[in-house]
Amino acid sequence: MSGAITRNPEAPVRLGTDRIEIDGQPAAAKDKIYLVLNKERGVVTTASDEQGRATVYDSLPASFSGSRSRWVAPVGRLDKASEGLLLMTNDSEWAARITAPESHLDKIYHAQIAAVTDDRLLDALRRGVENRGEYLHSKRASSLRTGEKNSWIEIVLDEGKNRQIRRMFESLGIEVLRLVRVSIGPLALGDLKPGATRTLTRQEKSSLDHAIAKHGNARQELFPLP
């Protein structure tokens, strides 16, 4: 009925016709926020921690502290011991597209291991291993540099299973000393300092959107920056 008032939060809304108010003020869509964070080792990817450990939210600019209008959430996770590129946003639909298995966005990691790399190790990472009933493998694996007792390996994943890289090396009896995510699709970590954040540029956002559309459903709607 025209002019009727409803306070049912589940009532359907006709966009462009119905008026939505909060405490008597017209509701407005929040600006979309897209951040790039270089997560430090030892920081947990949660909003709070019962053990009092530092969280990724401690790395955000002060303007995000306690502000509901500027609330953002991590896009996926990096475990406590891992470092590197982490996206944060208040655009939940976009975040879901980034993390969806069908998007097949390549994620590149640099892993320092307590072993000397050889062709057999790289082949094992490419072929895959079984760990706790799951088959785990990398899309690509290559040697970056090798020392007398440890090595750095570049590993590319196009799917994300819980602690996948650490579990692969665990099955091979090799300790991971450091693990750094350096890129997600076309977005590279670059020279962003550990613990620092910056805003995703329009060009970077567009590149990620097109990568999702290319590797997922080509008819997906792209999400432009405001």
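I'd like to check something: does the stretch 71-85 contain any residue that is at pLDDT below 80, more than 30 Å from residue 152 (Cα to Cα) and in a loop (DSSP other than H, G, I, E, B)?
Among the residues of the stretch 71-85, not one is at pLDDT below 80, more than 30 Å from residue 152 (Cα to Cα) and in a loop (DSSP other than H, G, I, E, B), which makes the answer no.
Return the residue satisfying two criteria in turn: it lies in the stretch 48-67 and is assigned to a loop (DSSP other than H, G, I, E, B) and touching a residue at least 12 places away in the same chain (Cβ under 8 Å), and of such residues it is farthest from residue 178 (Cα to Cα).
The selected residue is 61.
Restricting attention to the stretch 90-116, which residues are buried (at least 20 other Cβ atoms within 10 Å of the Cβ) and of a type in the set (Val, Ile, Thr)?
If the condition is that a residue be buried (at least 20 other Cβ atoms within 10 Å of the Cβ) and of a type in the set (Val, Ile, Thr), then 98, 108, 113 are the ones that fit.
Right, residue 201: within 30 Å of residue 32 (Cβ to Cβ), of a type in the set (S, T, N, Q), at pLDDT 95 or above and touching a Leu at 6+ places or on another chain (Cβ under 6 Å) or not?
no
Quick test for you: out of 155, 174, 212, pick the one residue that is among the aliphatic types (A, V, I, L, M), at pLDDT 95 or above and closer than 30 Å to residue 58 by Cα.
On the way: 174 fails: closer than 30 Å to residue 58 by Cα; 212 fails: at pLDDT 95 or above.
None of the other options fit; the residue is 155.
Report, by residue number, each residue of the stretch 178-199 that is in a loop (DSSP other than H, G, I, E, B) and surrounded by fewer than 18 Cβ atoms within 10 Å (Cβ to Cβ). Give the steps one after another, and end with the answer.
So in the stretch 178-199, the residues in a loop (DSSP other than H, G, I, E, B) come out as 185-186, 189-196.
Matches in the stretch 178-199: 186, 190, 191, 192, 193, 194, 195, 196.
Could you list all residues from the stretch 108-139 that are closer than 18 Å to residue 76 by Cβ, part of a strand (DSSP E or B) and either among the small types (Gly, Ala, Ser) or at pLDDT 95 or above (or both)?
Scanning the stretch 108-139 gives 108, 109, 110, 111.
Do you know which of the residues in the stretch 140-169 that are more than 23 Å from the chain's Cα centre (by Cα) and assigned to a strand (DSSP E or B) is surrounded by the most Cβ atoms within 10 Å (Cβ to Cβ)? Spell out how you get there, then give the answer.
So in the stretch 140-169, the residues more than 23 Å from the chain's Cα centre (by Cα) come out as 143-151.
Next, from what is left, pick out any that are assigned to a strand (DSSP E or B): 143-146, 151.
Numbers: 143: 15, 144: 12, 145: 10, 146: 14, 151: 21.
Applying the filter and picking the extreme gives 151.
What number of residues in the stretch 32-56 are among the charged types (D, E, K, R), modelled with pLDDT under 95 and within 20 Å of residue 188 (Cα to Cα)?
Of the residues in the stretch 32-56, 0 are among the charged types (D, E, K, R), modelled with pLDDT under 95 and within 20 Å of residue 188 (Cα to Cα).
State all residues of the stretch 208-217 that are without any contact (Cβ under 8 Å) to a residue 60 or more places away in the chain, of a type outside the set (Lys, Arg) and either under 25 Å from residue 131 (Cα atoms) or exposed (fewer than 15 other Cβ atoms within 10 Å of the Cβ) (or both); if no residue qualifies, say none.
Hit for the stretch 208-217 is 210, nothing else.
When you scan the stretch 93-102, do you find a residue that is of a type in the set (Asp, Glu) and either part of a strand (DSSP E or B) or out of contact with any helix residue (DSSP H, G or I) (no Cβ under 9 Å at 6 or more places or on another chain) (or both), even just one?
Looking for residues that are of a type in the set (Asp, Glu) and either part of a strand (DSSP E or B) or out of contact with any helix residue (DSSP H, G or I) (no Cβ under 9 Å at 6 or more places or on another chain) (or both), one finds at least one in the stretch 93-102, hence yes.
The values are calculated or read from the model by the stated rules, or taken from the named source; none is laboratory data. This structure is a prediction, so every number in the text was calculated from the model and none was measured. All Cβ positions, glycine included, derive from the backbone under ideal geometry; neighbour counts span all protein chains shown.
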